[in-house]
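Colleague: Following this message is one structure expressed as structure tokens.
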Amino acid sequence: MTYSVLLIGATGDVGSKIAAKLAKYKGQLKRVAFLTSTAKSTPEKEAKYAEVPIERVVGDFEDPETYRGFDIVICAIHDAFVLDQIKYFDAAFAAGVKHVYPTEFGADLTHPVVSKEPYAVGKIEARKQLEERARKDQSIGYTYVITGMFSDFILRPHVNVLGLSEDRRSAKFLGAPDAVLTTTHTEDIGEFTVLSTLPSHLKSFNERRTLAVEGSTHKVSEYFGAVSRYLGHPIDVEYLSRESSYVYEEEQKAQRNLEAVRYNSVLRTVGFGACVLQDVANSSYPELKARTWEETVKQML
Ligand SMILES: NC(=O)c1ccc[n+]([C@@H]2O[C@H](COP(=O)([O-])OP(=O)(O)OC[C@H]3O[C@@H](n4cnc5c(N)ncnc54)[C@H](OP(=O)(O)O)[C@@H]3O)[C@@H](O)[C@H]2O)c1
């Protein structure tokens, strides 16, 4: 028995990694493909689609015909569209899809702090609606893949979660030195997600799983310590308070900069201990050797 998997969001940061791993494991799956909309595309988008190493399906995201023949749908779409995916799943279930992965790939949304953060609201509502569908139809199931912060994102210059200065000798970080944080590399998230679709891990379509994968779990000060050791010099870190983040958030709201409000809310989760995963599934996936933070630092700096 092998499964057919359709991916939505194959050009995205994490979706592109999932697409690459679907290509890697396609011998163990019946069919693997990614979905793009029938809406008019642009040359830039077409160039990105051409790079995705699996079959392309073009279809209306809300039309059941698009999903006919697939068993599993994985969504890895931009946060702004998390509620759209429920319409996609309804169409997919109507066509016979039996297991879905909503776009998650972050903190544990059941954490009491995370559940109050503005950035998590859409994902929590999407979970609620999906779980309602699953209560009514015992034959369908879902997987929430939770990952902590993407370790390779932290060090990308334009993301710079650590708030490092240009010369990397100082940093302004929203968070506390002793807060604990889980991070995972996007390559490993892609691999883990695809491994979890194989029959050896997904025994029955109507399983309802939360799967946590980790690369490293350390105190924030230890994340800085690894960077400092690699660079060969100390980093003078100023830890910004939670209160300062709310002041900043109000300023951004006044300027209607909603993306900054959302990102600030993510950073607060990361910096104050709400982005730490419990009960990670790594030991049930011996095929996966997840990169540590130290390895990511060496690779990226
Ligand atoms: N934990 C972390 O550190 C972290 C960091 C980043 C992201 N994430 C999470 O990872 C997930 C994916 O984020 P990402 O950054 O990888 O996304 P992204 O790079 O913004 O990717 C967007 C993808 O979504 C597709 N898309 C956009 N609008 C869509 C719509 N209305 N319907 C269907 N597809 C649409 C795009 O396809 P087209 O190119 O065809 O438009 C593209 O492939 C999110 O849940 C996000 O919260 C977590």
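The values are calculated or read from the model by the stated rules, or taken from the named source; none is laboratory data. Here the structure is a predicted model, which means the values were calculated and not measured. Here Cβ is always computed from backbone atoms with ideal geometry, including for glycine, and neighbour counts include all displayed protein chains.
Colleague: Regarding region 189-197, can at least one residue be identified that is surrounded by fewer than 17 Cβ atoms within 10 Å (Cβ to Cβ), on the phi < 0 side of the Ramachandran plot and either outside any loop (DSSP other than H, G, I, E, B) or at pLDDT 95 or above (or both)?
Modeller: Looking for residues that are surrounded by fewer than 17 Cβ atoms within 10 Å (Cβ to Cβ), on the phi < 0 side of the Ramachandran plot and either outside any loop (DSSP other than H, G, I, E, B) or at pLDDT 95 or above (or both), one finds none in region 189-197, hence no.
Colleague: Checking Gly122 against (1) away from the ligand (no atom under 13 Å from the Cβ); (2) assigned to a helix (DSSP H, G or I), only one condition comes out false. Which one?
Modeller: (1)
Colleague: Condition first: surrounded by fewer than 17 Cβ atoms within 10 Å (Cβ to Cβ) and either among the hydroxyl-bearing types (Ser, Thr, Tyr) or at pLDDT 95 or above (or both). Now tell me which residues in region 264-279 satisfy that.
Modeller: Asp279
Colleague: Restricted to region 136-162, and to residues that are of a type in the set (D, E, K, R) and not in a loop (DSSP other than H, G, I, E, B), which residue is farthest from the ligand (Cβ to nearest atom)?
Modeller: Applying the filter and picking the extreme gives Lys136.
Colleague: Continuing with the same structure: Within region 163-188, which residues are surrounded by fewer than 22 Cβ atoms within 10 Å (Cβ to Cβ) and part of a loop (DSSP other than H, G, I, E, B)?
Modeller: Gly163, Ser165, Glu166, Asp167, Arg168, Arg169, Ala176, Pro177, Asp178, Ala179
Colleague: Against the conditions (1) surrounded by fewer than 20 Cβ atoms within 10 Å (Cβ to Cβ); (2) over 22 Å from Leu195 (Cβ atoms); (3) not charged (D, E, K, R), where does Val82 fall short? Just the number, please.
Modeller: With respect to (1) surrounded by fewer than 20 Cβ atoms within 10 Å (Cβ to Cβ); (2) over 22 Å from Leu195 (Cβ atoms); (3) not charged (D, E, K, R), Val82 is out only on (1).
Colleague: For region 1-30, name all the residues that are within 12 Å of Ile72 (Cα to Cα) and in contact with a Gly (Cβ under 7 Å, 6 or more places away or on another chain).
Modeller: Ser4, Leu7
Colleague: Taking Val180 as the residue in question, decide whether it is in contact with a strand residue (DSSP E or B) (Cβ under 8 Å, 6 or more places away or on another chain), within 30 Å of Leu29 (Cα to Cα) and of a type in the set (A, V, I, L, M).
Modeller: When the stated conditions are applied, Val180 does not pass them.
Colleague: Which of (1) in a helix (DSSP H, G or I); (2) touching a residue at least 12 places away in the same chain (Cβ under 8 Å); (3) under 29 Å from Leu181 (Cα atoms) does Arg133 not meet, given it meets every other one?
Modeller: Looking at each condition in turn, Arg133 falls short on (3).
Colleague: Looking at region 21-113, what strands (runs of 3 or more DSSP E) fall wholly within it and have at least 3 residues that are farther than 29 Å from Val276 by Cβ and touching a residue at least 12 places away in the same chain (Cβ under 8 Å)?
Modeller: Those strands (runs of 3 or more DSSP E) span 31-37, 55-59.
Colleague: Also: What about Ser16, is it polar (S, T, N, Q), within 11 Å of the ligand (Cβ to nearest atom) and crowded, with 20+ Cβ neighbours inside 10 Å?
Modeller: So Ser16 passes the test.
Colleague: Right, next: May I ask you to say which residue of Ala95, Ala107, Ala120, Ala80 is assigned by TED's automatic domain parsing to the domain that holds Lys203 and in contact with a Leu (Cβ under 6 Å, 6 or more places away or on another chain)?
Modeller: After ruling out the rest, the residue left standing is Ala120.
Colleague: Quick check on my filter: what residues within region 204-261 are more than 27 Å from the chain's Cα centre (by Cα), in a loop (DSSP other than H, G, I, E, B) and either of a type in the set (Lys, Arg) or over 30 Å from Ala80 (Cβ atoms) (or both)?
Modeller: Those that are more than 27 Å from the chain's Cα centre (by Cα), in a loop (DSSP other than H, G, I, E, B) and either of a type in the set (Lys, Arg) or over 30 Å from Ala80 (Cβ atoms) (or both): Gly232, His233, Pro234, Ile235.
Colleague: State all residues of region 223-241 that are of a type in the set (D, E, K, R) and touching a residue at least 12 places away in the same chain (Cβ under 8 Å); if no residue qualifies, say none.
Modeller: Asp236, Glu238
Colleague: Checking the structure you have, find out if any residue of region 49-56 is at pLDDT 95 or above, away from the ligand (no atom under 11 Å from the Cβ), of a type in the set (A, V, I, L, M, F, W, C) and exposed (fewer than 14 other Cβ atoms within 10 Å of the Cβ).
Modeller: yes
Colleague: Taking Asn282 as meeting all but one of (1) modelled with pLDDT under 95; (2) of a type outside the set (Lys, Arg); (3) assigned by TED's automatic domain parsing to the domain that holds His99, write down the number of the exception.
Modeller: (1)
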